[in-house]
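Read the structure below first, then the notes.
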Amino acid sequence: MKNSDFHKFFVDELKDLYWAENALLKDLPEMEAASTSKELAEGFAKHAKETKEHIARLEKVFESLGEKAEGVKCEAMAGILKEGRSIIEDTTKDSMTRDAGLVLAAQKVEHYEIATYGTLKVFASHMGHTEAERLLAETLDNEKATNATLTGLAERFINKKAVAE
């Protein structure tokens, strides 16, 4: 199995995801600092802690497969993060419009991660990598919860206040 094209593809995608999580971890403090609302800033701080856990879980996935944990640049995440930085540049500091934009940027990240973790979890299942499947499922659940939190903040007050600006 380890020498199959599918297994190699799976490991390559894990490397992509590992890079993506590490890149996100570097950008989250900037997103936190750019937030207008305390609740959104706290959400980014919390997600930075969770992202460290995601990275540690991915390292365990690599270990369970007998592979070295290493990242390969994820062009998709690089683009999403670049877009997030441009939202900060293109919106007014201390505005709810900026917060709405940050939620948008963060949800793009979450949706990418949800799609990737979900698919890789299924790949692991089909190959019988039960430990990898369990670890990927744990992070997938966390990513879904983060996305729901972002939606809740946007719907509860951020979007309404942004419209009123």
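The values are calculated or read from the model by the stated rules, or taken from the named source; none is laboratory data. A quick note: this is a predicted structure, and the numbers were derived from the prediction, not measured. With ideal geometry, Cβ positions are generated from the backbone for all residues, glycine too; neighbour counts draw on all protein chains shown. Heads up: the accessible areas ignore ligands, DNA and RNA and are worked out on the full protein's heavy atoms, side chains in. Shrake-Rupley method; radii C 1.70, N 1.55, O 1.52, S 1.80 Å.
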**Q.** Among the candidates GLU110, GLU131, GLU155, residue that is of a type in the set (Asp, Glu) and under 16 Å from ALA20 (Cα atoms)
**A.** GLU110
Q) Could we say that LEU102 is open to solvent by less than 20 Å² (accessible area, probe 1.4 Å), farther than 21 Å from VAL163 by Cβ and under 15 Å from the mean Cα position of the chain (by Cα) here? A) no
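Looking only at segment 2-27, count how many residues are over 10 Å from the mean Cα position of the chain (by Cα) and either part of a helix (DSSP H, G or I) or on the phi > 0 side of the Ramachandran plot (or both). Steps first, answer last, please.
Initially, segment 2-27 is screened for residues over 10 Å from the mean Cα position of the chain (by Cα), giving 2-16, 18-19, 26-27.
With the extra rule that they be either part of a helix (DSSP H, G or I) or on the phi > 0 side of the Ramachandran plot (or both), the set shrinks to 5-16, 18-19, 26-27.
Residues meeting the conditions: 16.
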Q | Lone qualifier among GLU53, GLU89, GLU63 - being in contact with a helix residue (DSSP H, G or I) (Cβ under 8 Å, 6 or more places away or on another chain) and not β-branched (Val, Ile, Thr) | A | GLU53
Q. Within segment 113-122, is even one residue under 17 Å from MET31 (Cα atoms), within 17 Å of the chain's Cα centre (by Cα) and hydrophobic (A, V, I, L, M, F, W, C)?
A. no
Q: Quickly run through segment 11-46 and pick out the residues that are crowded, with 21+ Cβ neighbours inside 10 Å, in contact (Cβ under 8 Å) with a residue 60 or more places away in the chain and out of contact with any Ser or Thr (no Cβ under 9 Å at 6 or more places or on another chain).
A: LEU14, MET31, SER35, LEU40
Q. With respect to the numbered conditions (1) surrounded by fewer than 18 Cβ atoms within 10 Å (Cβ to Cβ); (2) over 24 Å from ALA33 (Cα atoms), which one is the sole condition not fulfilled by LYS161?
A. (2)
Q. Residues THR116, THR130, THR139: which one is in contact with a Lys or Arg (Cβ under 7 Å, 6 or more places away or on another chain), farther than 30 Å from VAL163 by Cα and polar (S, T, N, Q)?
A. THR139
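With respect to LYS52, determine if the residue is open to solvent by 30 Å² or more (accessible area, probe 1.4 Å), in contact with a Leu (Cβ under 7 Å, 6 or more places away or on another chain) and closer than 20 Å to ARG134 by Cβ.
On the way: open to solvent by 30 Å² or more (accessible area, probe 1.4 Å): yes; in contact with a Leu (Cβ under 7 Å, 6 or more places away or on another chain): yes; closer than 20 Å to ARG134 by Cβ: yes.
Against the criterion (open to solvent by 30 Å² or more (accessible area, probe 1.4 Å), in contact with a Leu (Cβ under 7 Å, 6 or more places away or on another chain) and closer than 20 Å to ARG134 by Cβ), LYS52 qualifies.
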Q: Just give me the residues in segment 55-72 being touching a residue at least 60 places away in the same chain (Cβ under 8 Å), in a helix (DSSP H, G or I) and open to solvent by 20 Å² or more (accessible area, probe 1.4 Å), in sequence order.
A: ARG57, LYS60, SER64
Q.
Take the residues in segment 78-136 that are assigned to a helix (DSSP H, G or I) and of a type in the set (Lys, Arg); name whichever of them is nearest to HIS7 (Cα to Cα).
A. LYS121
Q. Which numbered condition trips up GLU89, out of (1) surrounded by fewer than 16 Cβ atoms within 10 Å (Cβ to Cβ); (2) touching a residue at least 24 places away in the same chain (Cβ under 8 Å); (3) among the acidic types (Asp, Glu); (4) within 19 Å of THR36 (Cα to Cα)?
A. (2)
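Being closer than 30 Å to SER64 by Cα, touching a Leu at 6+ places or on another chain (Cβ under 6 Å) and of a type outside the set (Asp, Glu) narrows it down to one residue among LEU135, LEU120; which is it?
LEU120
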